[in-house]
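The numbers here are math on the coordinates, done by the rules we state, and not lab data. Quick caveat: nothing in here was measured; it's all calculated off a predicted structure. Cβ: placed from backbone, ideal geometry, glycine included. Neighbour counts: every protein chain shown.
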Amino acid sequence: MKTQAIQGFKDILPDEMHRWLRIENVSRDIFQRFGFREIRLPIMEETSLFARSIGQDTDIVEKEMYTFADKGATLRPEATASLLRAFIEHALHLKQPVQRLFTIGPMFRHERPQKGRLRQFHQLDAEVIGAKEPDVDSELMAMGAMILTELGLAASLEINSLGCPRCRPSFREQLIDYLRQYSKDLCPDCRRRTDTNPLRVLDCKKSNCRELVDDAPSILASLCAACEDHFNAVCAGLERLGVSYTLNRFMVRGLDYYTRTTFEFLTDNLGAQAAIGAGGRYDGLIEQLGGPALPGIGFALGMERLALLMEQNEEEKAADSMDLYIAALGERAIREGQVLAHHLRSLGVRTGIDYGGRSLKAQMKQAGRVRARFALIIGDDELDRKAAQLRDMTGKDQQEVSLAGDAPQAARTIHTIISSAPA
Ligand code: HAM
């Protein structure tokens, strides 16, 4: 019997962690620069929350959720619904009229796994609740672009507007009329969607459907005056902030809660999984979920996709390193080495040691493997003299150091010597 993770679930191994930490550190820092505060949410919610927010007719709710039917609970497929549930439950709007919140963590969707598409994946998610101004939309996209730039990643930004409950229904009717004319040429999914969710036909990936929708009515030409003003102001804001973008009137997004602005950050370097992040406005959603009538907008970046792109950019593998490796020769040396390592670690020194009593050669090899800057060689002879050999692993210079005094004192002596060495 093989012991392995289930399909679509992936370990993040120590050699990959530097990328994940960088993604988290850079984005946390940028979120804070823009005034966002972190919120941590449970990974499970009542199933009905997702049906009410993401939409009953979406692929996510129809086929991709991990639901515990007997418990009425579902592993979250995205963070927005959970975050809004928490926002409403704790009446956060009473504390501050505009809330800027971010969260980082795993999401679950039962999709067909492939490069950049997992069943457990991670998102960096940012939401602004309580602000309707188009300048917030452009600022949020500029923040997403800043994260990507600081991670050294190139991406294009595509934007669209999906209108509002006032203008979308008439566009929907126009679109249905258009699609019905070509019903027999559409793929079976799109034929079904023509009546249930016609906007989804606009982003079908099948070539036949794509050609047909090329001449379909444009949602951007059907916006009401208020949505048009909003969209123009978003574009003007992006231009003011120097964020390049293109219009994509076919972008509809796979979640039903969007109104007005939607956007995606795309890359050419991940094959089929081109979207590294996406988001948009959801002005009616909070009220629909039983909360106050407040507007909202947000986006999420997919961390696996960011990490894959960073890996492609990496020239050499960055590895973790230790400050000091203690090579202890003999039982007494091992015991004293353990205590010394403990005090060095409490002084902040990354200290490696193993207790297997292996040869000096084997231990020095291990010191190299963990990329230790120094090795401290302790043998019985040296211990008799209250001393040890400190080897600089870069130049291979070796000097005798004193272990006089008790273990904390000896640790301080070594700490002082190694911290004054050039990096
Ligand atoms: P989404 O487009 O479903 O939007 O997902 C956002 C990002 O998560 C995608 O662009 C992609 O990078 C990543 N992602 C999605 N599914 C997978 C997967 N199976 N494997 C790996 N990465 C994946 C949302 O989730 C919305 N909640 C975004 C949002 C926030 N809208 C408003 N606020």
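Going toward the positive end of the dipole of the chain, with +1 on Lys and Arg Cβ and -1 on Asp and Glu Cβ, which of G330, N248, L94 do you reach last?
G330
Looking at segment 324-415 only, what percent of DSSP beta bridges run antiparallel? Nearest 5 please.
Working: 9 of 18 bridges.
So the antiparallel bridges in segment 324-415 amount to around 50 percent.
With a cap of 11 neighbouring Cβ atoms within 10 Å, and only residues DSSP puts in a loop, list the trypsin sites (Lys or Arg not before Pro) found in segment 1-102.
K2, R40, K95
Helix 225-240 versus the longest principal axis of the chain: what angle, 0 to 90°, nearest 10, using Cα atoms?
On a 0 to 90 degree scale, this one is about 30.
Compute the long axis of helix 303-313 from its Cα atoms, compare it with the longest principal axis of the Cα atoms of the chain, and write down the angle in degrees, 0 to 90, nearest 10.
Helix 303-313 sits at roughly 60 degrees to that axis.
Please state the relative contact order of segment 185-314 as a whole percent: Cα pairs under 8 Å, 6+ residues apart?
Details: 129 pairs, mean separation 19.5, N = 130.
After rounding, I find 15 percent.
Could you tell me the distance between the Cα centroids of segment 198-261 and segment 368-411, to the nearest Å?
The distance from the Cα centre of segment 198-261 to that of segment 368-411 comes to 65 Å.
Using modelled amide H (1.01 Å from N, peptide plane; none on Pro or chain starts), what sits under 5 Å from the amide H of R260, excluding residues fewer than 5 places away?
L162, G163, C164
Regarding the chain, what is the average projected area of its C-alpha convex hull, in nm²?
27.6
Give me the dipole magnitude in Debye, nearest 20, for segment 324-415 about the Cα centre, with unit charges on the beta carbon: positive for Lys and Arg, negative for Asp and Glu.
Values: 15 positive and 11 negative charges, 101 e Å.
Dipole about the Cα centre, nearest 20: 480 debye.
Can you list residues whose amide H is under 5 Å from D354's amide H, if they're 5+ apart or on another chain and H is modeled 1.01 Å from N?
A328
Amide H of G277 versus every other amide H placed in the peptide plane: which residues, excluding those fewer than 5 positions away on the same chain, fall under 5 Å?
Answer set, sorted by chain and number: F265, G302.
Which whole-Hz ³J(HN,Hα) couplings does segment 63-80 yield from phi under the Karplus relation 6.51 cos²θ - 1.76 cosθ + 1.60, θ = phi - 60°, glycine and proline marked x?
10, 10, 7, 8, 10, 9, 4, 6, 10, x, 10, 9, 5, 4, x, 6, 9, 4
Between helix 407-419 and the chain, what is the angle of the helix's C-alpha long axis to the longest principal axis, kept within 0 to 90° and rounded to the nearest 10?
It is inclined by approximately 70 degrees.
Place a +1 charge on the Cβ of each Lys and Arg in the chain and a -1 charge on the Cβ of each Asp and Glu, then give the dipole magnitude about the Cα centre in debye, rounded to the nearest 20. It would help to have the intermediate numbers written out before the result.
Values: 55 positive and 59 negative charges, 145 e Å.
That gives the chain a dipole magnitude of about 700 debye.
Report the relative contact order of the chain, percent, no decimals, based on alpha-carbon pairs under 8 angstrom and at least 6 residues apart. Before the final figure, lay out the partial values.
Numbers: 707 pairs, mean separation 62.5, N = 423.
Relative contact order here is 15 percent.
Calculate one ³J(HN,Hα) per residue across segment 363-374 by plugging θ = phi - 60° into the Karplus curve 6.51 cos²θ - 1.76 cosθ + 1.60, and present them in order as whole Hz with x for glycine and proline.
6, 5, 4, 5, 4, x, 4, 8, 6, 6, 6, 10
Which of rounded, prolate, oblate describes segment 1-92, given a ≥ b ≥ c as roots of the alpha-carbon gyration tensor eigenvalues and a/c under 1.5 marking rounded, otherwise prolate only if a/b is larger than b/c? It would help to have the intermediate numbers written out before the result.
On the way: a/c = 2.34, a/b = 1.08, b/c = 2.18.
Cα axes put segment 1-92 in the oblate bin.
Roughly how big is segment 83-209's charge dipole about its Cα centre, with Cβ charges of +1 (Lys, Arg) and -1 (Asp, Glu), in debye to the nearest 20? Before the final figure, lay out the partial values.
Values: 20 positive and 16 negative charges, 156 e Å.
Roughly 740 debye for segment 83-209.
DSSP loop GluC sites (Glu not before Pro) in segment 111-215 with at most 16 other Cβ atoms within 10 Å of their Cβ, which ones?
On the way: sites: E111, E127, E139, E150, E158, E173, E211; in loops: E111.
Sparse-neighbourhood loop GluC sites (Glu not before Pro): E111.
Only Cα pairs within less than 10 Å get springs; with that Gaussian network setup on the chain, which residue of A216, A341, A275 has the largest fluctuation?
Looking only at A216, A341, A275, the largest GNM fluctuation is found for A341.
Let me have the 222 nm mean residue ellipticity of the chain computed from DSSP H runs of 4+ only, each contributing -39500 (n - 2.57), with the sum over all residues rounded to the nearest 500.
On the way: 14 runs with 157 residues, N = 423.
Rounded to the nearest 500, it is -11500 deg cm²/dmol.
Which whole-Hz ³J(HN,Hα) couplings does segment 173-184 yield from phi under the Karplus relation 6.51 cos²θ - 1.76 cosθ + 1.60, θ = phi - 60°, glycine and proline marked x?
4, 4, 5, 4, 4, 5, 5, 4, 4, 10, 2, 5
Subtract the Cα-Cα distance of L360 and E150 from 0.36 nm times their separation in residues, and report this length gain in nm to one decimal. Can you show the working numbers first?
Numbers: separation 210, 0.36 × 210 = 75.60 nm, distance 4.37 nm.
Between L360 and E150, full extension yields an extra 71.2 nm.
Using only alpha carbon pairs under 8 Å that are at least six residues apart, calculate the relative contact order of segment 324-415 and give it in whole percent. If you can, show how the numbers build up before the last one.
Values: 151 pairs, mean separation 29.0, N = 92.
31 percent.
Would you list, by chain and number, the aspartates and glutamates whose Cα falls below 13 Å from the Cα of K132, excluding same-chain residues fewer than 8 positions away?
Straight-distance partners of K132: D229, D283.
Beyond 22 Å, what share of the Cα-Cα pairs of segment 91-242 remains, rounded to the nearest whole percent? Working shown, then result.
Details: 6989 of 11476 pairs.
In whole percent, the long-distance tail amounts to 61.
When a/c reaches 1.5 or more, the comparison of a/b and b/c decides; with that in mind, is segment 324-415 rounded, prolate or oblate per its Cα gyration tensor?
It comes out rounded by the Cα gyration axes.
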